[in-house]
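Okay, structure first, notes after.
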Amino acid sequence: MKFCDFHIHTNYSDGELNLREVVDLYGRAGFGAIAITDHLCDRKSLLGLSAKFLDWTLTEENFYQYLKEIEKEAIRARLKYNMLVIPGVEITYNSFKYARSAHILALGIKDFIDPDQEIKNIFKDIRQQGALSVAAHPVSTKVNEPQTYYLWNHRESLRDLCDLWEVASGSYLFEEVMNSDLPKIANSDFHIRKHFSSWKTVLPSGGSWAEVKKHLLNGNLQFKFFHEQEGEKCLRQVLKVREGSITVLEELW
Ligand code: ZN
Ligand code: ZN
């Protein structure tokens with residue numbers, strides 16, 4: 001069993017740590033796979049333009065340097081920790097209207113994705129690259145921050161395009177997603193050190209991206225709360241997904 005986290009930010013966008021520090025943090029804790037998913041904000045909206053001004057987003061100009069650095073760190077992570085590092089992005093469309101905002105993770109990308117195109121085309125582009133798409137925090141995150149409801153409000157029309165839906169982000173499980181029959185994944189949305197203790201996806205093994213992808217698409221996974229200081233002892237709940245429904249297997253406090 002391997003803890004995995006498929007939603008992590010570095011200082012390439014608005015994360016606190018640099019790529020190397022992230023790899024060492026997760027590697028030392030024995031993770032099987034992680035995905036680096038820095039923000040790639042749209043280039044048209046006022047919020048997208050301010051993200052660029054504040055240096056909180058990847059750009060087309062530094063995108064390939066970002067992929068190259070991930071590739072270099074992936075080699076180091078494999079040798080030092082036997083951990084898989086997956087190149088990804090979080091395509092970020094923020095609107096003042098939460099119903100128009102959408103964040104989409106693309107896992108296992110090879111090329112730049114135009115963040116300004118229609119949402120459906122973004123999903124199609126991700127699939128064309130052989131990458132996986134994830135609806136990031138699609139319902140209320142229960143935290144006082146701007147919310148992103150577009151994907152959830154359009155879940156029926158996006159069902160065949162979006163591969164996975166976040167059932168947990170950070171400390172919170174999303175009941176609406178839990179009770180749906182959509183394929184699920186749990187991530188930390190890591191930005192700062194304290195986000196390390198959070199819900200994670202647990203896979204039967206680490207291995208290659210092809211193996212990890214297969215586990216994710218087949219729902220061959222569990223969700224566990226990872227606590228940095230207390231490790232396995234402090235698991236809040238162990239949940240297993242089977243045919244769309246989730247059963248609580250263990251309750252440790
Ligand atoms: Zn997000
Ligand atoms: Zn994020």
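Residue by residue, here is whether (1) more than 28 Å from LYS214 (Cβ to Cβ); (2) without any contact (Cβ under 8 Å) to a residue 12 or more places away in the chain; (3) more than 16 Å from ligand 2 (Cβ to nearest atom); (4) β-branched (Val, Ile, Thr) holds:
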{"position": "ARG43", "(1), (2), (3), (4)": "yes, no, yes, no"}
{"position": "PHE53", "(1), (2), (3), (4)": "yes, yes, yes, no"}
{"position": "GLU61", "(1), (2), (3), (4)": "yes, yes, yes, no"}
{"position": "TYR64", "(1), (2), (3), (4)": "no, no, yes, no"}
{"position": "VAL85", "(1), (2), (3), (4)": "no, no, yes, yes"}
{"position": "TYR98", "(1), (2), (3), (4)": "yes, no, no, no"}
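Looking across SER140, SER157, one residue alone is out of contact with any Cys (no Cβ under 8 Å at 6 or more places or on another chain) and within 16 Å of ligand 2 (Cβ to nearest atom). It is SER140. Of the residues making up region 178-211, those that are within 16 Å of ligand 2 (Cβ to nearest atom) and among the β-branched types (Val, Ile, Thr) are ILE185, ILE192, THR201.
Here LYS68 fits the description: basic (Lys, Arg), within 30 Å of SER205 (Cβ to Cβ), more than 16 Å from ligand 1 (Cβ to nearest atom) and outside any loop (DSSP other than H, G, I, E, B).
Restricted to region 108-123, and to residues that are closer than 17 Å to SER157 by Cβ and surrounded by 15 or more Cβ atoms within 10 Å (Cβ to Cβ), which residue is farthest from ligand 1 (Cβ to nearest atom)?
Ranking the candidates gives PHE123 first.
Among the residues making up region 66-83, a single one is in contact (Cβ under 8 Å) with a residue 60 or more places away in the chain and of a type in the set (A, V, I, L, M, F, W, C): MET83.
Pairs linking a residue in region 3-25 that is within 15 Å of LYS200 (Cβ to Cβ) and assigned to a helix (DSSP H, G or I) to a residue that is within 16 Å of ligand 2 (Cβ to nearest atom) and of a type in the set (Phe, Trp, Tyr), with Cβ atoms under 8 Å and 6 or more positions apart or on different chains, are VAL22/PHE190; LEU25/PHE196.
One residue stands out among those in region 1-18 that are surrounded by fewer than 22 Cβ atoms within 10 Å (Cβ to Cβ) and away from ligand 1 (no atom under 15 Å from the Cβ): the one that is farthest from PHE190 (Cα to Cα), which is MET1.
Values in this text are rule-based calculations from the coordinates and carry no lab data. Small disclaimer: the values here were computed from a predicted structure and weren't measured. Note: ideal-geometry Cβ built from the backbone for every residue, glycine included; neighbour counts use all protein chains shown.
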